[in-house]
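> Sharing a structure, written as structure tokens. Questions coming.
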Ligand SMILES: NC(=O)c1ccc[n+]([C@@H]2O[C@H](COP(=O)([O-])OP(=O)(O)OC[C@H]3O[C@@H](n4cnc5c(N)ncnc54)[C@H](OP(=O)(O)O)[C@@H]3O)[C@@H](O)[C@H]2O)c1
């Protein structure tokens, strides 16, 4: 751990809500598993894509809504089920996310994460990918999105890697071959590179752009003809192909107009190929496509893998025998073509700006007052051995401080307030939980750790945290953080819970507590050893919030009284989640059963006042296909009560998400989506309502947690209750596997109530 620690890195961030671009100081990234840290030397501004993003972000709320009718539809559905206020709050929170700009860069490897064999510190690399190869001094890049820069290729040329590979992927989809005639429509960066790659592939190239200087550039890059007038191009094309038409047309233009697609169709020969790589109008003119039986494809980024989390985040490559050209191999080949001299990029570079002056670059692109094509951001070179960065354990003072001078020392002491340190500030935290935490009496938002520096910085500023970091250890080691809130994805919960307990913190962990029996057993051992003899014991809470909902408390009171053994039926209209969502990843999410069903088991425990003794579950359908997210679960509780959960994804999202029906002691209780509750007994009906929004108890959950910590315990929900909830979820999984009821038995000796 020699050398200086890095305090912050500069990164260009755009606010999607306001469109504002800022060069921000953000905590340095941590490589993590399967990724490398790269100190950038050069990054390419992809003027077309970035200009589109800037213009989109600068639209009014109404303009954005017009541009994304799909999201508006979702918001309307949410308003119908959860109330307008809630829908507006969530929609605004979504808009308010920081967007890192840039996706093509080059630099040297600074750190190599676990599981990366392909790179070593000091390697020269070129990187691609939104959210990875950004305009920032240091970037974290998954190993499959980085390639070595061949000798002889300079930083500037290497930083074109994403754009080059995008052009190459369009060629591959067009299956061009030696001697074919290919038309290129649009001669921006992609078009200019496309022309050169086509020449390298032995094609005859004709090109069209609205600007003469670009057409001229294309001629210099080997186009046999490049013009600004379509009818001229048509004549040339006919002449060059003996009237047949071109073999393929590649569209690299960026315009909402359908014209390029129509032109491409008109220029192609019978059974020719049309590839759209640029953002253009895509209304396929049926007549032309039908009569010539044309092939058409929209090429996707720079090759197979780019949108596959297994390829990007898990670093799994596709076997070359089945996927010869992946995103990574396209990147490699593009650089090989540059190294071999077939592609020249120097004359494409019209502007260079040091990162500190990036605002000027964007202003120039947006105003469009002077001609530009290749715009580069440059970064200072490394300064030698002192450059070695210790990113493993930045002490708290290395975290990025936000806000008032004086910082922590001038604030309340931990004895009179709870100092919360958040690990994770993703969708759930920023949209639901942190807003619910804000303003809870006695709760101080101390620090927030995220994997990506810009997100932590944004959350810190937006919600008023005192520091942000990319090191969760900085949260756990911070003397003034006494409550660790673990809000990461499921796969890290068990480990982080144990680390937080070892660090002596109170713990709040989002559901689920863990994903396997082994993890549960470890948590029990760690909890016992870390809390033994401690008075008071640390407060421990899992984020099963529904039992804290005002209507849940109201209904529980109605059923209060002896001799009621309840039967609770919980229906969940869970909706479909895209199959690539992280919740389905076995390591990160564990699936929806483990990830979400605990909520409903916990709720049944709360209402019945008992714990599950036996479970049985079946899924919808017969075969392996489908059905995994559609479950009927029955629970036999230790006191004889019954619970059933219908967890269904096959319904309609516009129907309210949750409905609970409770029977017992001559009474019936109903909760409708946490907005309305009814209790009927002896013919009398009592009702309670939340007028403006569904309230699932997040705020009350936080208030209880803070009160418990300030009051010296005990935990609002005993630790052993969580063990039953978790074990019951695992037993449901076993029941599905075995096709029979499964007893809920805790690992190790039976828990004793005094555990909490
Ligand atoms: N109780 C409820 O009603 C409810 C509802 C929905 C979800 N949840 C739960 O909330 C949790 C989070 O879900 P989500 O949808 O918010 O997931 P998400 O959007 O993926 O957020 C995960 C967060 O963890 C951060 N992170 C990952 N690795 C980290 C590390 N090593 N150090 C520090 N931070 C790290 C991520 O940082 P980056 O942002 O930089 O990537 C991100 O901020 C899950 O347990 C989920 O089940 C609860």
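No value in this document is a laboratory result; all are computed from the given coordinates. Nothing here was measured: the structure is a model prediction, and the numbers come from that model. Reconstructed Cβ throughout: ideal geometry from the backbone, glycine too, with neighbour counts over all protein chains shown.
> Just subtract the alpha-carbon distance of residue 710 and residue 295 from 0.36 nm times their residue separation and send over the number in nm, one decimal.
So the chain would gain 142.6 nm between residue 710 and residue 295.
> Sticking with this one: How large is Rg over Rh for segment 439-572, taking Rg from the Cα atoms and Rh as the Kirkwood inverse mean of 1/r across Cα pairs?
Rounded to two decimals, Rg over Rh is 1.04.
> Across segment 259-300, how large is the tail of the calculated P(r) beyond 14 Å, expressed as a percent of all Cα pairs?
The share of Cα pairs beyond 14 Å in segment 259-300 comes to 36 percent.
> Place the peptides 517-530, 331-344 in order of packing, highest mean first, counting for every residue the other Cβ atoms within 10 Å and averaging per peptide.
Those peptides, ordered most packed to least, come out 331-344, 517-530.
> If I fit a long axis through the Cα atoms of helix 453-463 and take the longest principal axis of the Cα atoms of the chain, what angle between them do I get, 0 to 90°, rounded to 10?
50 degrees
> Dividing the alpha-carbon Rg of segment 310-363 by 2.2 N^0.38 Å yields what?
The reported ratio for this selection is 1.69.
> May I ask you to work out the translational diffusion coefficient for segment 224-313 at 25 °C, viscosity 0.890 mPa s, via Stokes-Einstein with Rh from the Kirkwood sum over Cα pairs, reported in whole µm²/s?
The estimated diffusion coefficient comes to 173 µm²/s.
> Also: Over all directions, the average projected area of the alpha-carbon convex hull for segment 187-234 comes to how many nm²?
2.8 nm²
> Here is a follow-up. I need the P(r) histogram for the chain: all alpha carbon pairs, bin width 10 Å from 0 out to the longest distance, whole percents.
With 10 Å bins starting at 0, P(r) equals 3, 12, 20, 22, 18, 13, 8, 3, 1, 0.
> While we're here: How far is helix 493-502 tilted, in degrees, relative to the longest principal axis of the Cα atoms in the chain, given as a value from 0 to 90 rounded to the nearest 10?
The angle comes out near 60 degrees.
> Rg and Dmax of segment 663-756 over Cα atoms: what are they, in angstrom?
When restricted to Cα atoms, segment 663-756 yields Rg and Dmax of 18.5, 48 Å.
> Additional query: Looking at the P(r) of segment 163-298, how many percent of alpha-carbon pairs lie beyond 22 Å?
Counting every Cα pair in segment 163-298, those more than 22 Å apart make up 24 percent.
> Taking only C-alpha pairs under 8 Å that are 6+ residues apart, what is the relative contact order of segment 413-542 in percent?
Contact order relative to length: 23 percent.
> Starting from the eigenvalues of the Cα gyration tensor, five times each then square-rooted, give me the equivalent ellipsoid semi-axes of segment 411-503, largest first, whole Å.
Listed largest to smallest, the semi-axes of segment 411-503 are 18, 16, 12 Å.
> Just how far, in whole angstrom, is segment 122-171 from segment 634-679 if you go by their alpha carbon centroids?
Rounded to whole Å, the Cα centres lie 53 Å apart.
> Within 10 Å, count the other beta carbons around each residue, average over each peptide in 724-730, 432-438, and list them highest first.
Averaged packing, sorted descending, gives the order 724-730, 432-438.
> Put a dot 7 Å past each Cα toward the Cβ at residue 416 and residue 582; how far apart are the dots in nm?
Here the modelled spin labels are 3.8 nm apart.
> So what does the Cα-only Debye profile of segment 556-707 read at q = 0.12, 0.16, 0.18 Å⁻¹, as log10 I(q)/I(0), no solvent term?
-0.59, -1.02, -1.23
> Based on a Kirkwood Rh over C-alpha pairs, give the Stokes-Einstein translational diffusion coefficient of segment 549-611 at 25 °C and viscosity 0.890 mPa s in µm²/s.
176 µm²/s
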